[in-house]
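Colleague: One structure, pasted below without further comment.
The values are calculated or read from the model by the stated rules, or taken from the named source; none is laboratory data. The model shown is predicted, which means the values in this text are computed figures rather than measured ones. Here Cβ is always computed from backbone atoms with ideal geometry, including for glycine, and neighbour counts include all displayed protein chains. The accessibility values were calculated without ligands, DNA or RNA, using every heavy atom of the protein model including side chains. Shrake-Rupley method; radii C 1.70, N 1.55, O 1.52, S 1.80 Å.
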Amino acid sequence: MAPAGALALAANAPAPQKGLPPLTAQTARSGGPVDPLQAALNFDAVDLQIEVFPDRQAIAGTATLSFTARAPLDTLLLDLDRNLPVRTISIGNTALRPSAWSNPEGRLRITLPRPVAAGERIVARIRYAGTPHVAVNAPWDDGFVWSKTRDGKPWIASTQEGYGCDLFWPCLDFPMGEPAVADLHITVPRGLVAPAGGVLIGREALPRGRTSWHWRIKHPNTYALALTVGPYELLSDSYHSRYGNSIRLNYWYLPPAREKARALFAEFAPTLDFFEQIIGPYPFAEEKLGVVESPYLGMEHQTINAYGNNYKKAPEGFDWLFQHELSHEWFGNQLTAGDWDDYWLHEGFAQFMQPLYGEWREGRARYAAMMDVYRNRIENRSPLVSGRARTEEEVYESGAGGPGTDIYYKGAWVLHTLRGLIGDKAFFASVRRLVYGRADPAPGNFAPRYGSTAEFEALVKAESGQDLGWFFDAYLRRAALPELVSTPEPGGLKLEWRAGGPFPMPVEALVGGERVSVAMPDGVGHLPVPPGAHVVLDPDARVLKRSMAIEAYQEGLREAQR
């Protein structure tokens, strides 16, 4: 998901009833400790048939979910917003009585017709319908966006990263609840198009002028199954990868923006080449690289990223929103954090990819300029990682005690500092192994995977040959930044790190125009300084550290907002 910014809505869009119908606390919660009943399920497949009714702002769905039990079970526990009342449920060939299920708070509890043993398959078919929750401020507050294009045609989208997949289908609402494969049959009124993730299996004309679009996507992220409906036109091309394979490029856009859409589409291939060069193969080459214009800013829906940046120009010369969401195909969809607590692996890496792309395009000056903007936004209110299972809100909301936008900006600066410490070879080798689970990714030899901060730390140790526990402790598990204190002493300066724990970070300096490096094995070092020589510490801003100037600047901004 993109960091907070201005919401992009179509002109003359009707004002929906935002925030209604209300959600229970359970539905608004995504992730956290996993219920044992859900942990005992292996999610094999989902076939989801959804019909969208723009005039009523309603949906009707039939979800066929296939699981393999990892332990004996007599109850199937799913997540589904109670605003979508269940009409019927069958388990296998057995139709259940309504008394066999309940959903008072958004946890759909189904009593199975008979207990199942470990290794047995459970197939549940659930019919439901209703009015889905309308987003207040998508994508930061989730739900449906019922909008209209400038010529009054329906323009509809869903977003569910924060509140979870249960906003419109029965699912396992935690990061490791991904189905192995998902089929989506999206039925919409005549004249509307329904792009979705994965591969288009077919399109069927139905009675009363309706059209059903059938998509199949493998290993989708739990919140990657999304609905986007509008009177779209399609730009399409093939990209011939440096790995020898061919990748379909698709962009669904609204016709009034045809020329701007073509300009954005021209960014697809070079941006993809950048990622394949510095990270590795595009993870979903057998499906597509897809983007769809959306009535909200953006979201990383696997192979169908939502784009709503209104084609804004930027000084770095590329569309940051498109690039950021594409980053998530590697950091979020190919590599998925097993728990929300590690979501800095998604957003920190995705944010860092932008200055890296600036460097790839223009050189180090652009990289430094973009990193400098990020530095001024770091707040340091809470650690990036807590070491316990957390919900999405506990991570993304600073008011709930989470790191908030620090998972973007501080995360990017942590990676910048790590890159400078261990060098490009070890850094990118560590990242590649984290993303693909192997050092030699090539089309066809990897699959989407789960990762964690602990795994990344171990990979960095293996690739760099250094135990950097002190580094990750200082930057991820403590909120306050290390402070570099310099004190005059005979012959030069005493340098000391104050970091709340061991912090042997070496320090570079310019002394009279000459570059020197000071080892700090115990967090303390001596910098020789000839009489009258001018000293600049960390002249290339390689190290994330406390800055009194930035703190004063941020306080001034807060005062201006009071």
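Colleague: Can you run the Rg to Rh ratio on the range 96-138? Use alpha carbon positions and the Kirkwood inverse-distance Rh.
Modeller: 1.10
Colleague: Could you give the dipole magnitude of the chain about its Cα centre, charging the beta-carbon of Lys and Arg +1 and that of Asp and Glu -1, in debye to the nearest 20?
Modeller: 1280 debye
Colleague: Kirkwood-based Rg over Rh for the chain (C-alpha set), two decimals?
Modeller: 1.00
Colleague: Quick one: helix 424-436 against the long Cα principal axis of the chain, what's the angle to the nearest 10°, folded into 0 to 90?
Modeller: 20 degrees
Colleague: Could you work out how much longer the chain between H526 and D424 gets when fully extended? Use 0.36 nm per residue separation minus the Cα distance between them, nm to one decimal.
Modeller: 34.0 nm is the gain from fully extending H526 to D424.
Colleague: How much length would be gained if the chain were fully extended between R477 and S90, taking 0.36 nm per residue of separation minus their Cα-Cα distance, in nm to one decimal?
Modeller: 134.7 nm
Colleague: Now for a separate question. At 1.4 Å probe size, with the rest of the protein present, what percent of the exposed accessible area of the chain is carbon and sulfur atoms?
Modeller: With neighbouring chains kept in place, the figure for the chain is 51 percent.
Colleague: For the range 332-473, restrict the atom set to alpha-carbon positions and state the Rg and Dmax in Å.
Modeller: Spelled out, the Cα radius of gyration and Dmax of the range 332-473 are 15.0, 43 Å.
Colleague: Another question, then. Which residues does the label zone of D44 cover in the range 80-124, counting backbone N under 20 Å from a point 7 Å along Cα→Cβ?
Modeller: Only 89-96, 110-124 pass the distance filter.
Colleague: Helix 364-375 sits at what angle to the longest principal axis of the chain, using alpha carbons and giving 0 to 90 degrees rounded to 10?
Modeller: So the helix axis and the longest Cα principal axis differ by about 70 degrees.
Colleague: Still on this model: Would you mind checking the radius of gyration and Dmax of the range 438-494 based on alpha-carbon positions, in Å?
Modeller: So, for the range 438-494, Rg and Dmax equal 18.7, 62 Å respectively.
Colleague: Next question, about the same structure. May I ask which residue of P355, L421, Y408 lies farthest towards the positive end of the charge dipole of the range 316-430, with charges of +1 (Lys, Arg) and -1 (Asp, Glu) on Cβ and the Cα centre as origin?
Modeller: Farthest towards the positive pole: L421.
Colleague: Let me ask something else about it. Using label points projected 7 Å from each Cα along Cα→Cβ, tell me how many nm separate R114 and Q277, to one decimal.
Modeller: Here the modelled spin labels are 6.2 nm apart.
Colleague: A442 to L510: extension gain in nm, 0.36 nm per residue of separation minus the Cα-Cα distance?
Modeller: Full extension of this stretch gives 20.2 nm more.
Colleague: If Lys and Arg each add +1 and Asp and Glu each add -1, what is the summed charge of the other residues whose beta carbon sits under 10 Å from the beta carbon of L78?
Modeller: -1
Colleague: Same structure again: Express the relative contact order of the chain as a whole percentage, based on alpha carbon pairs under 8 Å and six or more residues apart in sequence.
Modeller: 11 percent
Colleague: Follow-up question, since we're still on this one. Below 12 angstrom from the Cβ of E359, what's the summed charge of the other residues (Lys, Arg +1; Asp, Glu -1)?
Modeller: +1
Colleague: All other residues with a Cβ under 11 Å from the Cβ of W146 taken together, and with Lys, Arg as +1 and Asp, Glu as -1, what is their net charge?
Modeller: Net charge in that neighbourhood comes out at +2.
Colleague: Can you list the equivalent-ellipsoid semi-axes of the range 378-432, largest first and in whole Å, using the square root of 5 times each Cα gyration tensor eigenvalue?
Modeller: Computed over the range 378-432, the values are 26, 12, 8 Å.
Colleague: Using the heavy atoms of the protein chains and a 1.4 angstrom probe, tell me the accessible area per residue for the chain in square angstrom.
Modeller: I get 40 Å² per residue for this part.
Colleague: Here's another thing I want to ask about it. Give, rounded to the nearest 20 debye, the magnitude of the charge dipole that the range 198-301 has about its Cα centre when Lys and Arg contribute +1 at Cβ and Asp and Glu contribute -1 at Cβ.
Modeller: I would put it at about 380 debye.
Colleague: Of A196, F322, Y450, which is farthest along the charge dipole of the chain in the positive direction, counting Lys and Arg as +1 and Asp and Glu as -1 at C-beta?
Modeller: A196
Colleague: Can you give the charge dipole size of the range 81-168 about its Cα centre, rounded to the nearest 20 debye, using +1 on the beta carbon of Lys and Arg and -1 on the beta carbon of Asp and Glu?
Modeller: Dipole magnitude for the range 81-168 comes out near 500 debye.
Colleague: Given the alpha-carbon gyration tensor of the range 185-240, what are the semi-axes of its equivalent ellipsoid in whole angstrom, ordered largest first, with each equal to the square root of 5 times an eigenvalue?
Modeller: So the equivalent ellipsoid measures 21, 15, 11 Å along its semi-axes.
Colleague: Still on this model: Take the residue pairs K18/K153; K218/K260; K410/K461; K148/K313 and return only those whose Cα atoms are more than 27 Å apart.
Modeller: As for pairs spanning more than 27 Å Cα to Cα, those are K218/K260.
Colleague: By DSSP, what percent of the beta bridges with both residues in the chain are antiparallel, rounded to the nearest 5?
Modeller: 85 percent
Colleague: Can you bin every Cα-Cα distance in the range 486-562 into 10 Å intervals starting at zero and give me the percent of pairs per bin, rounded to whole numbers?
Modeller: 17, 41, 26, 13, 3
Colleague: Compute the helix-to-body angle for 548-561: its Cα long axis versus the longest principal axis of the chain, expressed 0 to 90° and rounded to tens.
Modeller: It is inclined by approximately 40 degrees.
Colleague: Under 16 Å from a label point 7 Å along Cα→Cβ of S486: give me every residue in the range 540-555 with its amide N that close.
Modeller: Only 540-549 fall inside the zone, counting backbone N under 16 Å.
Colleague: Still on this structure, I have one more. Go ahead and run the numbers for FRET between S452 and T75, Cβ-Cβ distance against an R0 of 41 Å, rounding to 0.05.
Modeller: The formula returns an efficiency of 0.90 here.
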